[in-house]
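Each reported figure results from applying straightforward, stated rules to the coordinates on display, with no laboratory input. Remember, it's a predicted structure, so these values are computed and weren't measured experimentally. Counting neighbours? That spans all protein chains shown, and the Cβs are built from the backbone with ideal geometry, glycine included.
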Amino acid sequence: MPADVLLERAGPLGDALDRRLVAVVDGVAGWDGAALVDTAVEGSGFAWLARTFGLSSFDVDVLAVALAPELDARYERAFALLQEDATRGRPTVDAVLTLLCANADERSACRARFGADGPLRRHELIELVADPREAASPDRARYVVVAPRIVDALIGDRGGDERLAAAARVRAADQLTGLTERITPRAVWADLVLPEDTTAMLREICAAVAGRERVLGRWGFAEKLSRGTGIAALFSGPPGTGKTMAAEVVAGELGLGLYRIDLARVVDKYIGETEKNLKRVFAAAESADAVLLFDEADVIVGKRSEVRDAHDRYANLEIGYLLQAMESYRGLAILGTNLRHHLDEAFVRRLAFAVHFPFPDEPSRRLIWAQIWPGRAPLSDDVDVVLLAQRYPLGGGNIKNCALAAAYLAGDGPIRMRHVLWAVRREYQKMGKQLSEAEFQP
């Protein structure tokens with residue numbers, strides 16, 4: 001959007017910044033302490049930044065001040081006057097603090113917002129760039145430069161908010177990769193073979209996420225809730241019953257990315273490290289528009305233990321932190337577990353949804369066997385899905401493994417019953433179970 005439109009949509013930024021500069025440069029009254037940018041203005045890119053990256057009013061004003069020379073060349077002259085150096089046409093950290101803070105105490109407190117852990121630098125919205133003449137200068141003497149992608153998104157010809165959203169999602173996705181596995185949602189509702197009530201609950205989860213802004217915001221339910229407003233769900237059931245596939249379907253229905261977090265990897269033996277790992281995941285996910293699937297949830301959300309030592313106390317704190325983070329997370333967080341009875345009941349009661357995935361009965365297994373084969377696969381007519389479902393009580397994940405193994409065994413095809421039976425034999429061996437030879441005959 002053109003600079004004048006940006007200024008208009010951000011509120012009276014130009015006038016406010018002019019008055020602030022005059023007051024500081026001339027040393028006259030006029031500094032009123034009010035924020036430069038009104039983030040409540042509908043459609044403002046600054047408001048989107050604040051909401052997406054958790055920026056304070058001060059942080060947004062820092063972006064506005066640093067962006068000013070990109071909007072109007074006269075601000076280069078103004079910053080040169082402010083810093084008493086004709087070559088300094090951009091604001092340094094000290095100059096920004098002088099403009100935005102009323103006194104020395106406030107400047108000292110706000111200096112931390114420029115730290116590496118602050119949201120402006122953590123999300124790479126700004127860079128602190130040294131003057132080439134002073135390469136070893138401290139942070140306070142460095143120029144505050146808005147990241148190019150943010151400048152482009154804010155003052156481009158069109159699509160600013162969309163480009164901001166895309167840039168934020170890409171950056172957040174990169175940050176998520178360290179502790180997560182990205183899953184591209186491919187499964188659709190027709191792929192799920194579940195009881196009718198289980199499928200209905202999954203659709204209710206989709207409706208809750210899609211309607212969150214309407215219900216909590218416009219209808220005011222957020223004002224009635226004492227705890228967080230996040231939507232968290234528990235997916236429980238034996239291995240291979242469709243929990244991950246269901247998460248794929250939900251993410252695909254919502255048009256969101258899906259990230260699987262193996263809690264066994266996140267949990268750290270060192271006190272306090274687990275909480276740091278979880279904090280990293282949720283901080284990145286806030287900007288990624290992501291559905292989070294926490295696998296092996298019983299690793300961290302087991303029944304709370306009696307506090308006997310510091311490790312027990314910190315383990316219980318980790319459970320509390322995870323619950324608090326899920327309750328405040330603006331997306332959807334899913335806990336997956338094979339061991340529902342191992343979970344702390346007080347924790348489960350605070351989740352919005354608890355979905356059970358039962359082991360498939362014979363009719364369900366028959367349908368899974370019938371649907372597992374791609375349309376282009378050369379499947380022989382002798383493959384008897386009725387016999388397979390009746391004779392071998394396998395979960396959906398095991399059936400998928402068998403079908404894939406049989407396809408490899410078939411070479412150039414077709415896939416025959418003998419290939420499938422051999423694949424079933426190997427699957428049972430993998431599970432540590434033995435069947436008689438007669439049970440593997442067609």
Work out from phi, with θ = phi - 60° and the Karplus expression 6.51 cos²θ - 1.76 cosθ + 1.60, the ³J(HN,Hα) of each residue of the range 320-334, listed in order in whole Hz, and give x for Gly and Pro. x, 5, 4, 5, 4, 5, 5, 6, 9, 5, 7, x, 10, 10, 10
Distance in nm between label sites at Y408 and W373, each 7 Å beyond Cα in the beta-carbon direction? 2.0 nm
Excluding L394 itself, what net charge comes from residues whose Cβ is under 14 Å from its Cβ, given Lys and Arg +1 and Asp and Glu -1? +4
For A102 and R133, compute 0.36 nm times the residue count separating them, minus their Cα-Cα distance, and round to one decimal in nm. 8.2 nm
Full-extension gain in nm, M417 to A35, via 0.36 nm per residue minus C-alpha separation: 130.2 nm
Nonlocal amide H pairs with I415, under 5 Å, H built at 1.01 Å: L379, S380
What is the gain in length, in nm to one decimal, between S328 and K430 on full extension, counting 0.36 nm per residue of separation less the C-alpha to C-alpha distance? 32.6 nm
Net charge contributed by nearby residues that have their C-beta within less than 15 Å of E248 (K/R +1, D/E -1): +2
If each K or R counts +1 and each D or E counts -1, the residues other than A370 whose Cβ falls under 14 Å of its Cβ total -1
Placing each pseudo-label 7 Å from Cα in the direction of the beta carbon, E273 and R122 end up separated by a distance in nanometres of 2.0 nm
Per-residue HN-Hα couplings for the range 212-217, Karplus 6.51 cos²θ - 1.76 cosθ + 1.60 at θ = phi - 60°, whole Hz, x for Gly and Pro? 4, 5, 5, 5, 6, x
Which far-off residues, 5 or more places away or on another chain, put their amide H under 5 Å from the one on V355, with H placed in the peptide plane? L234, F235, S236
Over 25 Å between C-alpha atoms is what I'm after, so list which of K276/K400; K276/K430; K279/K430; K400/K430; K243/K433 land there. K276/K400; K276/K430; K279/K430
Using a 7 Å offset from the Cα along the Cα-to-Cβ direction at both R74 and F221, what is the distance between the two label points in nm, to one decimal? 5.0 nm
I need the phi-derived Karplus couplings for the range 242-258: 6.51 cos²θ - 1.76 cosθ + 1.60, θ = phi - 60°, integer Hz, Gly and Pro marked x. x, 5, 5, 4, 5, 4, 4, 4, 4, 4, x, 4, 8, x, 10, x, 10
Would you be so kind as to identify which of V424, Q390, S380 lies farthest towards the positive end of the dipole of the range 362-440, taking Lys and Arg as +1 and Asp and Glu as -1 on Cβ and the Cα centre as origin? V424
